[in-house]
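Report on one structure; see the data block that follows.
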Amino acid sequence: MKIGIIGYGSFGKQVEHYLTLRNKNLEFIYFDDTHDLGHNKKSFNSYHRFLDQNIISSYYLGLGYKHLDLKNEIMKHFADVNMPNYIHEEYKTNNHYKIGKGCFIFPNVTIDTNVTIGSGVVINISSTICHDSIIGDCSFIAPNATVCGGVVVGKKCFIGAGAVISNGLKVGDNVTIGAGTIVTRNLDDGANAIGNPVRTVSKLTLE
């Protein structure tokens, strides 16, 4: 079975690792923007050709938090393509939630009741999404983050490791929340939030 991984930086390699743990007989074809692609690696723009020829059975997005806009653009080309979710066996849920396609759910994640998760979402190790919350398309939630009950997170957001978003808040699109931030108020589109108490800054670099 041939599997495509779009993006082969550190997060793409992490995706490959988890897929291999589940099935060691997979053959991977990687799509990246590096000039030295090597064996079984193709340029980003060539994945369209593989889509047309049905060479690959399914695709996974290996694009991390620095490429949320690119991930969103690529997702638009996958409306009729098999892009399964990867949900690790070690997660907790009562199954009363909705999820889109192309998501990656890591170990020890907790998803509570009546949660809605969009497409292309990453929820990393030991994070918690509480009841009645909504996570928008192509958002990336880092390890040990907590989204409390009734929270709405927009599209293409990054929630840093250990951050907490308090109950009932709204986070706009393209918002970046730094590690350890305690969000206690609504955040507008494009906001960069850090600290406890939370404050917004003009620029927040994630390295």
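The values are calculated or read from the model by the stated rules, or taken from the named source; none is laboratory data. For clarity, every value in this text was computed on a predicted model and none was experimentally measured. Note that each Cβ is placed from the backbone with ideal geometry, even for glycine, and that neighbours are counted across all protein chains shown. Ligands, DNA and RNA are excluded from the accessible area calculation, which covers all protein heavy atoms including side chains. Shrake-Rupley method; radii C 1.70, N 1.55, O 1.52, S 1.80 Å.
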key: Convex hull of the chain built on C-alpha atoms - directionally averaged projected area, nm²   = 11.2
key: Residue among Ala161, Ala179, Ala79 with the largest mean-square fluctuation in a Gaussian network model of the chain, springs linking Cα atoms under 10 Å   = Ala79
key: Within the chain: Cβ-based charge dipole about Cα centre, in debye rounded to nearest 20 (Lys, Arg +1; Asp, Glu -1)   = 80
request  = Divide by every residue of the chain the summed helix terms, -39500 (n - 2.57) for each DSSP H run of at least 4, and state the resulting mean residue ellipticity at 222 nm, rounded to the nearest 500 deg cm²/dmol.
outcome  = -4000 deg cm²/dmol
key: Cβ crowding within 10 Å averaged over residues, with 123-131, 82-90 ranked highest first   = 123-131, 82-90
query = Ignoring ligands, DNA and RNA, what percent of the 1.4 Å accessible area of segment 121-179 is carbon and sulfur?
reply = 53
task = Compute the separation of the alpha-carbon centres of segment 141-163 and segment 89-128 and state it in Å as a whole number.
result = 12
query = If you roll a 1.4 Å probe over the heavy atoms of the protein chains, what accessible area per residue do you get for the chain, in Å²?
reply = 48
